Amino acid sequence: MRIGIAFDLKPSEPLPDGAPDDLHEEFDSPDTIGAIAEALRARGHTVVELGGGQPLIEALLKQPPDFVFNFSEGRGVSRNREARVPALLEMLGIPYTGSDPLTLALSLDKDFTRRIATDAGIEIPKGFVLQPPARLYDGEFAEFPALLEANGLTLPVILKPTCEGSSKGIRDRCLIETAEAFGPMVVELWNAYQQPVLVEEFIAGDEVTVGILGNDPPEVIGMMRVVPKVKTDRFVYSLEVKRNYAALVDYECPPQLPGGVLRDLEQSALAAYEALGCRDVARLDYRIRDGVPVFIEINPLPGLNPISSDLVLIGNAMGIPHAELVQRIFRAACDRLGRTEI
């Protein structure tokens, strides 16, 4: 089978003036793309690297592959950017791995994800969304703290851009513990990411991420607890932590948590996977509060860096090496579509 890989590579040129330093955090390195390609070649497939954007469109029109391993995050700040490649592939009738355009668009938007999870009876943090003004905000910050009480929240809270992945915009300073810090940080995120800001209650419990593969039925392949090396009740799995994970956290897979908590985690994760319409693969993040899993977010396009991506770490710990993980994602898509992997 001739398989194309859709992806967005981290550009080598400097960041634009004024851009946040995590602008390209979601994009991948040649090593990651090479590892995915090699895993597919090991199954006897011919692999072509399609890239993303206009080069991908041109390649698809010139010589369509039999199948696409979709890994494209999309560029810009649109909440639909992860949905672009699947939408294009559906227009062209080319089968692909992973979730469809609707699921990818919904899941990138944390606000819509929360709404669907709530309708499905899944526990989520209390929170609300602050829409950015039409122009750069130049008002008084004193009006912000009252918004917390009006929406039933008390400090501490955590702030997040609503439509980003890979912890983009989630910095240590996004944990807000004083009223004075709230407004300035909201405006900083508005200006940097040009999108609404989600304000959530901060849950001080354990952070656990759950990996799921497959369809009909999907399977939880493992769970991983993120444990800070320095014990704290104010831990945030922030961008700073992810960039320096070896020095700052330990990964515990499987998590040393009570059996009942693990069963509830698995049940909640599978329910969220189904409610959001995920296919083939996803990774879900939780906090544990008083033994109850609280759903934070889902990533139906999880990173596959062979060294550092959370899903890959889960796979390795559970006896699924990187190449097999890639191959299982592809096989799940083939099975879902009733296609033989040849």
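Nothing in this text is a laboratory measurement; each read-out follows from the coordinates by a stated rule. Since this is a predicted model, take the numbers as computed values, not measurements. Don't worry about glycine lacking a Cβ; one is built from the backbone with ideal geometry, like all the others, and counts go over all protein chains shown.
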> Helix 110-119 versus the longest principal axis of the chain: what is the Cα-based angle in degrees, 0 to 90, to the nearest 10?
Replying inline: 90
>> I want to verify a result. In a Gaussian network model of the chain, Cα cutoff 10 Å, which of these has the top mean-square fluctuation: Ala246, Ala150, Ala323?
In response: Ala150
>> Between Pro55, Pro293, Pro86, where does the largest GNM mean-square fluctuation fall for the chain, given springs only between Cα atoms within less than 10 Å?
In response: Pro55
>> Which residue fluctuates most in the GNM of the chain (Cα springs below 10 Å): Ser29, Ser166, Ser72?
In response: Ser29
> For segment 321-327, in order, what is each residue's ³J(HN,Hα) by Karplus, 6.51 cos²θ - 1.76 cosθ + 1.60 with θ = phi - 60°, in whole Hz (x at glycine and Pro)?
Replying inline: x, 3, 4, 5, 4, 4, 5
> How long is the gain from Ser78 to Glu177 if the chain were fully straight, where each residue apart is worth 0.36 nm and the alpha carbon distance is subtracted?
Replying inline: 32.7 nm
>> Whole-Hz ³J(HN,Hα) for each residue in segment 141-146, computed from phi via Karplus 6.51 cos²θ - 1.76 cosθ + 1.60 with θ = phi - 60°, x for glycine and proline: what do you get?
In response: 6, 5, 6, 6, x, 4
> From the phi of every residue in segment 196-213, what ³J(HN,Hα) in whole Hz does the Karplus formula 6.51 cos²θ - 1.76 cosθ + 1.60 yield, where θ is phi - 60° and glycine or proline is x?
Replying inline: x, 10, 8, 10, 10, 4, 8, 9, 7, x, 4, 9, 10, 10, 10, x, 10, 10
>> Taking amide H atoms as placed 1.01 Å from N in the peptide plane, list the residues 5 or more away in sequence, or in a different chain, whose amide H sits under 5 Å from that of Gly4.
In response: Val48, Asp66, Phe67, Val68, Phe69
>> Let me check I've understood the local charge: for Glu73, count other residues with C-beta under 11 angstrom from its C-beta, Lys and Arg +1, Asp and Glu -1. What total comes out?
In response: -1
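What is the extension gain from Lys231 to Ser12, computed as 0.36 nm multiplied by their sequence separation minus the C-alpha to C-alpha distance, in nm to one decimal? If you can, show how the numbers build up before the last one.
Numbers: separation 219, 0.36 × 219 = 78.84 nm, distance 3.72 nm.
Gain on stretching Lys231 to Ser12: 75.1 nm.
Cβ neighbours within 10 Å, averaged per peptide: list 298-308, 126-136 in order, most packed at the top. Could you put the intermediate results ahead of the total?
On the way: 298-308: 20.5, 126-136: 13.2.
The most tightly packed comes first, giving 298-308, 126-136.
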> Quick one: length gained pulling Ile94 to Glu324 fully straight, 0.36 nm per residue minus the C-alpha distance?
Replying inline: 80.4 nm
> For Lys110, which lysines qualify as cross-link partners when the Cα separation must be under 16 Å and same-chain residues fewer than eight apart are set aside?
Replying inline: Lys126, Lys160, Lys168
>> Can you pull out the GluC sites (Glu not before Pro) in segment 18-113 whose DSSP state is coil and whose Cβ has at most 15 other Cβ atoms within 10 Å?
In response: none
> Based on the mean of other beta carbon atoms within 10 Å per residue, what is the order of 9-21, 326-338, most packed first?
Replying inline: 326-338, 9-21
> Can you give me the Cα centroid spacing of segment 113-129 and segment 11-67 in angstrom?
Replying inline: 33
> In degrees between 0 and 90, to the nearest 10, how far off the longest principal axis of the chain does helix 53-62 point, with axes built from Cα atoms?
Replying inline: 20
